[in-house]
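Inspection log for the structure reproduced underneath, given as structure tokens.
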Amino acid sequence: MLTKKQFFAWSGVIGSVASVIGLYVAFYPPPSAVPQPQKRIEQTQTGGSNNTQIGVVKGDLTVNQLPLATPGSAFQSPTDRARAELQQLGVTWNAESFVGSIVDGDLRSAGLFLKGGMRPDLNYKGASAAVYALQPKANNREAMLALLLSNGLNPNADLIDARIMPGLSDTLPPNFEHRLTPSDYSAWKRQFAGPADLWLVIRSSYAGPQAGDFQLLRALATRGAKFDVSLAFLHEYEPIFGNTPVYWEVRNEVERLAKVPITHHKG
């Protein structure tokens, strides 16, 4: 039987051991209780550098992770919310899906891509994203061009196309040497460079305007397109295309939009 003195001695030992255990638990919690760093997700995004190169940008993208909050949450930036909404729609965040939404005329997805950080002048497989909206077979072209113009597309900025226009004919883009010719324009390298209206004018002058082409030119005019390079091209090519009705149809439309005197064909 313990004496009173022995009882108090053992009580002190047990109390000390309990204190040590408590301190260990406090400072060394179990692994499940330790916040784990979020895994880094790396993606590649194909993009352009000054509209002339196809580059690769690597970085953390939240779109392929579970959203930290639902779309509309105050805890997300507008960019994050747009990417999260694309994810919920089952749309992958990459340049291919962005350009696909442009060609398909999918205004909702394209708008989310633009809000999420994609650029209208992004270079995808040799052509600026906006050029894909100009081709005749693209869907919902006028509305898509309006969306791009409302989200950073400068109507007078040079776009690049070494893919679509050269695919239309072995003679496109045509040789064009003028003081206003964009520096990256090269018929020999089969690369178009210039504003959106010039792309439309060259293709329309060569093959005839397609349904909606003039509406696109008018949309560019309302956004401040100058048409100076297009007029220079049309003047240079009068000796070559000047005997065709489609050339004059295109030229007179551009002259009306540029608010310059209309040239009457004397043929």
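When you scan the stretch 227-248, how many residues do you find that are buried (at least 16 other Cβ atoms within 10 Å of the Cβ) and of a type in the set (D, E, K, R)?
Selection size over the stretch 227-248: 1.
Are there any pairs with C-beta distances below 9 angstrom linking a residue in the stretch 177-199 that is in contact (Cβ under 8 Å) with a residue 12 or more places away in the chain and more than 22 Å from Arg218 (Cα to Cα) to a residue that is among the β-branched types (Val, Ile, Thr) and part of a loop (DSSP other than H, G, I, E, B), with the two at least 6 apart or on different chains, and if so which?
Asp184/Thr52; Ala187/Thr171
Among the residues of the stretch 122-129, is there at least one that is in contact with a Phe, Trp or Tyr (Cβ under 9 Å, 6 or more places away or on another chain) and within 16 Å of Pro195 (Cβ to Cβ)? Walk me through how you get there before you give the answer.
We begin by selecting, within the stretch 122-129, every residue in contact with a Phe, Trp or Tyr (Cβ under 9 Å, 6 or more places away or on another chain); these are 122, 124, 127, 129.
Now restrict to residues that are within 16 Å of Pro195 (Cβ to Cβ): 127, 129.
Checked against the condition, which is being in contact with a Phe, Trp or Tyr (Cβ under 9 Å, 6 or more places away or on another chain) and within 16 Å of Pro195 (Cβ to Cβ), the stretch 122-129 yields at least one hit.
So which of Pro195, Pro120 ends up being in the same structural domain as Ala232 (by TED's automatic domain parsing) and either surrounded by fewer than 15 Cβ atoms within 10 Å (Cβ to Cβ) or at pLDDT 95 or above (or both)?
Details: Pro120 fails: in the same structural domain as Ala232 (by TED's automatic domain parsing).
Among Pro195, Pro120, only Pro195 is in the same structural domain as Ala232 (by TED's automatic domain parsing) and either surrounded by fewer than 15 Cβ atoms within 10 Å (Cβ to Cβ) or at pLDDT 95 or above (or both).
Which condition number in (1) part of a loop (DSSP other than H, G, I, E, B); (2) over 16 Å from the mean Cα position of the chain (by Cα); (3) free of Cβ contacts under 8 Å to residues at least 60 places away in the same chain is the one that Asn151 fails?
It is condition (2) that Asn151 fails.
Which of the residues belonging to the stretch 73-127 are assigned to a loop (DSSP other than H, G, I, E, B), among the hydrophobic types (A, V, I, L, M, F, W, C) and more than 11 Å from the chain's Cα centre (by Cα)? Full working, then the answer.
In the first step, residues of the stretch 73-127 are kept if they are assigned to a loop (DSSP other than H, G, I, E, B); the result is 73-77, 89-94, 105-106, 117-122, 125-126.
Keeping just the survivors that are among the hydrophobic types (A, V, I, L, M, F, W, C) gives 74-75, 89, 91, 93, 118, 122.
Matches in the stretch 73-127: Ala74, Phe75, Leu89, Val91.
Filter the stretch 78-105 down to the residues that are acidic (Asp, Glu) and under 22 Å from Arg163 (Cα atoms), then identify the one that is surrounded by the fewest Cβ atoms within 10 Å (Cβ to Cβ).
The first filter runs over the stretch 78-105 and keeps only residues acidic (Asp, Glu), leaving 80, 85, 96, 104.
Next, from what is left, pick out any that are under 22 Å from Arg163 (Cα atoms): 96, 104.
Working: Glu96: 11, Asp104: 14.
Among them, the one singled out is Glu96.
Looking at Ala207, Ala157, Ala162 in this structure, which one is among the small types (Gly, Ala, Ser) and in contact with a Gly (Cβ under 7 Å, 6 or more places away or on another chain)?
On the way: Ala207 fails: in contact with a Gly (Cβ under 7 Å, 6 or more places away or on another chain); Ala157 fails: in contact with a Gly (Cβ under 7 Å, 6 or more places away or on another chain).
On inspection, the qualifying residue turns out to be Ala162.
Give me a count of the residues in the stretch 235-267 that are at pLDDT 95 or above, assigned to a loop (DSSP other than H, G, I, E, B) and of a type in the set (Lys, Arg).
Number satisfying all stated conditions: 1.
So Ala207 passes all but one of these: (1) assigned by TED's automatic domain parsing to the domain that holds Val254; (2) surrounded by fewer than 15 Cβ atoms within 10 Å (Cβ to Cβ); (3) at pLDDT 95 or above; (4) more than 20 Å from Tyr124 (Cα to Cα). Which condition number does it fail?
In the conditions (1) assigned by TED's automatic domain parsing to the domain that holds Val254; (2) surrounded by fewer than 15 Cβ atoms within 10 Å (Cβ to Cβ); (3) at pLDDT 95 or above; (4) more than 20 Å from Tyr124 (Cα to Cα), Ala207 misses (3) alone.
Assess whether Val246 counts as being in the same structural domain as Asn175 (by TED's automatic domain parsing), more than 20 Å from His178 (Cα to Cα) and touching a Gly at 6+ places or on another chain (Cβ under 6 Å).
Numbers: in the same structural domain as Asn175 (by TED's automatic domain parsing): yes; more than 20 Å from His178 (Cα to Cα): yes; touching a Gly at 6+ places or on another chain (Cβ under 6 Å): yes.
Spelling it out, Val246 is indeed in the same structural domain as Asn175 (by TED's automatic domain parsing), more than 20 Å from His178 (Cα to Cα) and touching a Gly at 6+ places or on another chain (Cβ under 6 Å).
From Pro174, Pro166, Pro182, which residue is assigned by TED's automatic domain parsing to the domain that holds Ala232, farther than 24 Å from Lys226 by Cβ and either at pLDDT 95 or above or of a type in the set (Asp, Glu) (or both)?
On the way: Pro174 fails: farther than 24 Å from Lys226 by Cβ; Pro182 fails: farther than 24 Å from Lys226 by Cβ.
Only one candidate qualifies: Pro166.
If I ask for residues that are in contact (Cβ under 8 Å) with a residue 60 or more places away in the chain and surrounded by fewer than 18 Cβ atoms within 10 Å (Cβ to Cβ), which ones from the stretch 127-145 would you list?
Once the filter is applied, which keeps residues that are in contact (Cβ under 8 Å) with a residue 60 or more places away in the chain and surrounded by fewer than 18 Cβ atoms within 10 Å (Cβ to Cβ), the stretch 127-145 yields Pro136, Glu142.
Need the failing condition index for Pro209 against (1) closer than 19 Å to Arg141 by Cα; (2) assigned to a helix (DSSP H, G or I); (3) out of contact with any Pro (no Cβ under 8 Å at 6 or more places or on another chain), just the number.
Unmet for Pro209, out of (1) closer than 19 Å to Arg141 by Cα; (2) assigned to a helix (DSSP H, G or I); (3) out of contact with any Pro (no Cβ under 8 Å at 6 or more places or on another chain): (2).
The values are calculated or read from the model by the stated rules, or taken from the named source; none is laboratory data. Note that this is a predicted model, so its numbers are computed, not measured. Cβ atoms come from the backbone with ideal geometry, glycine included; neighbour counts cover every protein chain shown.
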